[in-house]
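The values are calculated or read from the model by the stated rules, or taken from the named source; none is laboratory data. Values in this document were obtained by computation on a predicted structure and should not be read as measured data. Note that each Cβ is placed from the backbone with ideal geometry, even for glycine, and that neighbours are counted across all protein chains shown. Accessible surface areas use protein heavy atoms only, side chains included; no ligands, DNA or RNA. Shrake-Rupley method; radii C 1.70, N 1.55, O 1.52, S 1.80 Å.
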Amino acid sequence: MQICKVCSDKEAIYCCPRCSIRTCSLQCVTIHKKNTECSGKRNVTSYISLQEFNEANLKDDINFLESTAKRAKSDDSVRYSVLNKPAEHLNCNKMVLAKLSKAASLRNIEYRLAPFLTARRKSNSTFCNCNHPKKVNSSTKMFWHVRWVLNNRKVEDRKVDEDLKIKEMLENLMNQNGTESNETLSFTKPLSGSLQSKTLIEKGDCVSELTSRLLFRSEFEQAFGGQFKTGGATLASICIGMLAEHLNQPKAIYLFDQSKTLRDNLDGKVVVEHPILLLIPSSAVEEYTLI
């Protein structure tokens, strides 16, 4: 017969799963936990020799593995629900999204959001000049975040006035250093050989906005065989299309009219976060699916 290790009076009928101390009653169990700060829970990862391993230990190990599998499955479910829940219902600026959605609907634009926590959702700088969703009307102006893509190069254009014509947007992109850059650089000078080299910065690396524009212009010169000239014949050899992302087809585009404004071109279109405009040689348009 084993005596209770706490009161040293009665016969021990309980054994602590964690430290194997034997006690006689619930009162002694409580005293034991308080004095030793024992949790009373078995250490599921503690070593047990083969000689001491019994059926009870086997059942404990099976329960431990089952609980671990359930926890992993639960974590996956939570992660999936967070990543796929619409952004407007999560921790984001609901008023900004409400203003954009209302302003877009007034322009006959189907405005969609990328999944929460994605880079597209975080980097989108599109906004409208209105303080509250209820004040949004047809005269409210939108300023778009636009991504220009040419082959493997891309550049971000922010605060683009929707009333600008497409050709004016392209001219501003090629002849300026960026709407948010304080640096000055003349684009009338030819680019150095190092900037023309595609090995300078690998695709996908984070580079400054100014460098991105320089590399984009270098790509433009190689693709269209010369420097961009405002009002020149270069525009005639360029087709501009917006990627139809909602169709999940890499070459499905809306072909834009360069003589019309961005607002007019977006009328009746589906926009996911912000427009992605592709610069396509007129001879290569046949390779794309026109919507």
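Here are the numbers for this structure:
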| read-out | value |
| --- | --- |
| In the range 238-264, the residues that are open to solvent by 10 Å² or more (accessible area, probe 1.4 Å) and in contact with a Phe, Trp or Tyr (Cβ under 6 Å, 6 or more places away or on another chain) | K251 |
| Residues located in the range 13-59, provided they are in a loop (DSSP other than H, G, I, E, B) and closer than 20 Å to M1 by Cα | I13, C16, P17, C19, S20, I21, C24, S25 |
| Test set (1) acidic (D, E); (2) at pLDDT below 90; (3) closer than 30 Å to F220 by Cα - D163 fails condition number | (2) |
| Pairs where the first residue, in the range 144-156, is under 19 Å from G225 (Cα atoms) and the second is part of a loop (DSSP other than H, G, I, E, B), C-beta under 6 Å, 6+ apart | N152/K203 |
| Number of positions in the range 152-169 that are open to solvent by 40 Å² or more (accessible area, probe 1.4 Å) and in a helix (DSSP H, G or I) | 2 |
| Selection count, the range 238-272, where residues are touching a residue at least 40 places away in the same chain (Cβ under 8 Å), within 14 Å of V160 (Cβ to Cβ) and either β-branched (V, I, T) or touching a helix residue (DSSP H, G or I) at 6+ places or on another chain (Cβ under 8 Å) (or both) | 6 |
| All positions within the range 17-54 that are in contact with a strand residue (DSSP E or B) (Cβ under 7 Å, 6 or more places away or on another chain) and open to solvent by less than 60 Å² (accessible area, probe 1.4 Å) | T23, C24, V29, H32 |
| Members of the range 117-143 that are open to solvent by 40 Å² or more (accessible area, probe 1.4 Å), part of a loop (DSSP other than H, G, I, E, B) and out of contact with any strand residue (DSSP E or B) (no Cβ under 8 Å at 6 or more places or on another chain) | L117, T118, N131, H132, N137, S138, S139 |
